[in-house]
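Following: one structure in structure tokens, then a few remarks.
Every number in this text was worked out from the coordinates using simple rules, so none of it is lab data. A quick note: this is a predicted structure, and the numbers were derived from the prediction, not measured. Glycine also receives a Cβ, built like all others from the backbone with ideal geometry; neighbour counts cover every protein chain displayed.
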Amino acid sequence: MVPAPVGFHCPSCVAEARRALPPTRTSVGAVASRHPRRATTVLIGVNTVAYVATVLSSDRLLAQYGLLGVAVADGEWWRLLTAPFLHGNLAHVGLNMLALWILGSAVEPALGRARFLTVYGLSALGGTTASYLVGNPLVLSVGASGAVFGLLGALLVVLRRLNRDVSGVLVLLAVNLVLGFVVPNIDWRAHLGGLVVGVLVTAAFVYPPRAARATVGWVVSAATLGALAWAAALRTDQILALLT
């Protein structure tokens, strides 16, 4: 029996009553989870395992699955998806995973797991696509920073939607954007691409009226994916024309 304010209830009755209750939702409409940071933890684990695998393979995986424009144009399109899970050195993966934990711990509970993973994945793809579009096709690029910038943009949108102070996030964003331009070997294109996609998709998930919020969010997510694929196809044609 389960203790109650008045007497005791049978477990099956309690379970049935819980199922009948509407799900608890966050302040921006996501269904609250008992494990609100699970996706963040899994993503950190995947990135960490991928880094260990690259070390054990003497960085061969970086060459095979990192973003290299000429290879993408030659048909190895999966590099746009795999590059955000690869990192060049321990400091690179460590800083990105620290940022992922901090931002994910704030964004995932607010958006919910499915929408969080959608924002993360599209931001990562937005970062690699932006790098592919305007970067040097002969230079290798890897890292989760595009997705991290997407989460930073998502946090900015969520806080703004809740009328919270966003000055600290804006300062952090400005500093990191500037560093991308002044510090060598940082792909600022991926940062900007991830940021733009993260802001756009998150806004679609949290700003529409509650009744239309899910529909608008998923439609915008699908449209964003289609736009990124279209842009990558155009860039592929351009690179192939230059090589012939």
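So, counting K/R as plus one and D/E as minus one, what does the shell of residues with Cβ under 15 Å around residue 190 add up to? Every neighbour counted, the sum reads +2.
Simple spin-label estimate for residue 211 and residue 242 gives 5.1 nm between the two label positions (7 Å along the Cα-to-Cβ direction from each Cα).
Tell me what the chain gives for mean residue ellipticity at 222 nm when only DSSP H runs of n ≥ 4 count, each as -39,500 (n - 2.57), the sum divided by the residue total, rounded to 500 deg cm²/dmol.
Values: 11 runs with 174 residues, N = 244.
It comes out at -23500 deg cm²/dmol, rounded to the nearest 500.
In order along segment 83-97, phi translates into HN-Hα couplings of 4, x, 9, 10, 9, x, 7, 5, 5, 4, 5, x, 5, 5, 6 Hz, rounded to whole numbers, per the Karplus curve 6.51 cos²θ - 1.76 cosθ + 1.60 with θ = phi - 60° and x for Gly and Pro. Based on Cα atoms of segment 112-236, Rg over Rh with Rh as the Kirkwood radius reads 0.99.
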